[in-house]
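See below for the structure under consideration.
A short reminder: the numbers here are calculations on the coordinates, not readings from a lab. Predicted, not measured: the structure shown is a model, and the values here were computed from it. For neighbour counting, all protein chains shown are included, and Cβ atoms are generated from backbone atoms with ideal geometry for every residue, glycine included.
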Amino acid sequence: MMNHEQYRRAMLANPLGTDPEFEAHRASCEDCRAFTDGVLTFEHQLVRALKVSTPISAKILLFGTCSTARPTKGARWLALAASVAIAFVVGAGIWLTPRSSLAADVVAHMADEPTAWKSQAALPAGELNPVLKRANISLDPKAPSVSYANSCEFRGQVVPHLVVQSPRGPVTVMVLTHEAVSKARHFDEQGYRGTILPIPQHGSIAVLMRAPGTTAAEVDAVAAQVRAAIVWGS
Amino acid sequence: MMDRVGAKRGRARFQALCLALRPDLLRFAFWLCHDHALAEDVVQESMLRAWKAQESLEDEKAAKPWFLTIVRRELARTFERKRLNTVNVDDLVALEDSSLAAGDQADLAEMRAAIFKLPEEYREPLVMQSLLGYSTAEIASELNLSQSAVLTRLFRARHQLRALCGEDTSGDPQ
């Protein structure tokens, strides 16, 4: 049987560990549960800190060549022309590559935030409000409690990624003000069931649940609640 | 004709792979070298090397660790070639250096400065686990360490980081 010290050492070494012995100790020890909440909150912050922004406009040149010989004037012009052509091809390649579906991108984003589902405790206002403020939104005081909030890079934009606690379990909400959709789209991918709801003049929101057996009607009911809870800024 | 089409498809697939992995590779390189421009150079050079060695990538699912190994080697080569300037993190904070800036999130800037204060032997596995989602076994394999050594380093990394960030560490094991 794991003792407190072993549990806490393992927790600090791997906060997302799912060892059954680990889980059993957590379930039986109130002090270690409180310790776990603190470590998970810290881990959320750590992941956010590690995700420094990266330049999305930089080109990837895969076909560069090296030469030690000094090029002739003609060769330099050829090289310049080739560089322009490569930049065009790479740029066109990026531009013309078909975008994957919005739902697929939302589901793929879940893998980037593995800690998001872990905590059930309500997030302090000091951590939640900056994320909402950045997106010029707020939440109705009667909204379900939010246990996770982060400003995430998504399709080249920074968007709020929230986890709210519902009677059916945690629900992920991504507020996609830059992604307009013409009608609600349901999806069921990689264990996530969800919907993308159009919000006239404010893009859309993605609402996802991962409770097995969740029906589309349940997702719709939760999504309607979430939608009603978001107060849009002018 | 078919060969040309196949080559074109292969190139497009490889490029898509590079585009998808690039943000995390850039972040990984940045956390090891403290320098955005250098991280970009290292990742660019790594992608060229990866392109030339793409036959050795047998399974696309293994692309991330494969690229990461190339980036680590390229970083090591860069460190060997030139002795990099050391950076005093406190000076960076005082100057509000853009590499630590986090917009309106002052708490993140503080944590970023603290991450740089960790010894590299602790910082690297921490970045691999928390940013790249590597398992203990994968980190051990990449860093050529035992799994218990990796767990010890990760424990010490978080313990030190929590202390540096002013967290209450009285409940942490010693």
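Quick notes on this structure:
- Gain upon complete extension [A:Ala217, A:Lys183; 0.36 nm per residue less C-alpha separation]: 10.6 nm
- For the residues of A:6-14, the average number of beta carbons from a partner chain within 10 Å of their own beta carbon is 6.
- Farthest towards the positive end of the charge dipole of segment B:104-174, among the residues B:Ser148, B:Ala113, B:Ala163, is the Cα of B:Ser148, using unit charges on the Cβ of Lys, Arg, Asp and Glu.
- Per-residue mean of C-beta atoms belonging to partner chains within 10 Å, peptide B:11-23: 3
- Within 10 Å of each Cβ in A:166-172, the average number of Cβ atoms from other chains: 0
- Cα shape, segment A:109-234, gyration tensor, a/c 1.5 rule: rounded
- Order by protection proxy (mean Cβ within 10 Å, highest first), peptides B:54-61, A:197-204: A:197-204, B:54-61
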